[in-house]
1. Out of curiosity, is residue 100 buried (at least 17 other Cβ atoms within 10 Å of the Cβ) and under 19 Å from the mean Cα position of the chain (by Cα)?
2. Can you name the number of the only condition in (1) in contact (Cβ under 8 Å) with a residue 40 or more places away in the chain; (2) out of contact with any strand residue (DSSP E or B) (no Cβ under 7 Å at 6 or more places or on another chain); (3) at positive phi that residue 88 fails?
3. If we only count strands (runs of 3 or more DSSP E) wholly inside region 24-96, which ones have 1 or more residues that are in contact with a helix residue (DSSP H, G or I) (Cβ under 9 Å, 6 or more places away or on another chain) and buried (at least 19 other Cβ atoms within 10 Å of the Cβ)?
4. Working only within region 111-147, note down all residues that are in contact with a strand residue (DSSP E or B) (Cβ under 8 Å, 6 or more places away or on another chain) and more than 30 Å from residue 211 (Cα to Cα).
5. Just need a number here: residues in region 171-220 that are out of contact with any helix residue (DSSP H, G or I) (no Cβ under 9 Å at 6 or more places or on another chain), modelled with pLDDT of 90 or more, surrounded by fewer than 16 Cβ atoms within 10 Å (Cβ to Cβ) and closer than 22 Å to residue 93 by Cβ.
6. Report yes if residue 120 is modelled with pLDDT under 95, part of a loop (DSSP other than H, G, I, E, B) and on the phi > 0 side of the Ramachandran plot, otherwise no.
């Protein structure tokens with residue numbers, strides 16, 4: 001049978017230090033990655049309804065949302081923007097999201113959604129809201145799919161080492177609804193008349209794309 005993907009892929013190691021003074025030690029390595037990557041941001045994609053929203057599907061099944069933790073490596077550029085345009089310059093951890101229990105770690109940021117409801121709004125997390133990025137990962141981080149692909153937003157650079165975990169995480173419907181209530185227009189303005197969603201930020205996901213020769217690998 002030869003070697004399994006478990007043999008070919010060493011353990012994926014995510015070391016996230018919350019203390020800002022130690023931020024330089026944050027890293028992602030191992031598994032299919034040949035460099036050390038550091039996190040720069042995380043974001044969500046979600047649907048208007050629970051039956052859609054994820055950018056990856058499993059045997060045709062959509063999930064309600066998807067969380068991405070974006071990383072970059074200095075091996076491919078001196079800045080994030082340089083790495084983002086270089087092949088293999090980014091690594092993104094993808095968590096499929098289903099409706100279930102409230103996610104306590106994500107709630108540290110989602111509870112501020114009402115304060116950043118409109119385009120251009122900003123809100124810094126409180127000092128006691130330091131988020132543990134490892135707490136955003138599923139319990140089983142040894143089972144995942146991986147492939148070389150692209151960013152899902154323009155300019156869609158082919159620079160991403162994708163790692164999508166098999167085990168989904170859960171968010172409550174109230175947390176998803178907080179995201180669905182965000183608006184694409186500034187406060188005090190009206191959404192465009194041709195906006196079918198009346199200014200709500202929903203269905204902000206890219207549908208699955210053809211493989212076009214990409215190789216999807218599985219680590220059990």
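The values are calculated or read from the model by the stated rules, or taken from the named source; none is laboratory data. Given the structure is predicted, the values throughout are model-derived calculations rather than measurements. All Cβ positions, even for glycine, are placed from backbone atoms using ideal geometry, and neighbour counts span all protein chains on display.
1. So residue 100 does not fit the description; no.
2. (2)
3. The strands (runs of 3 or more DSSP E) meeting that bar are 38-46, 65-72.
4. Residues satisfying the conditions are 117, 118, 119.
5. The qualifying residues number 7.
6. So residue 120 fits the description; yes.
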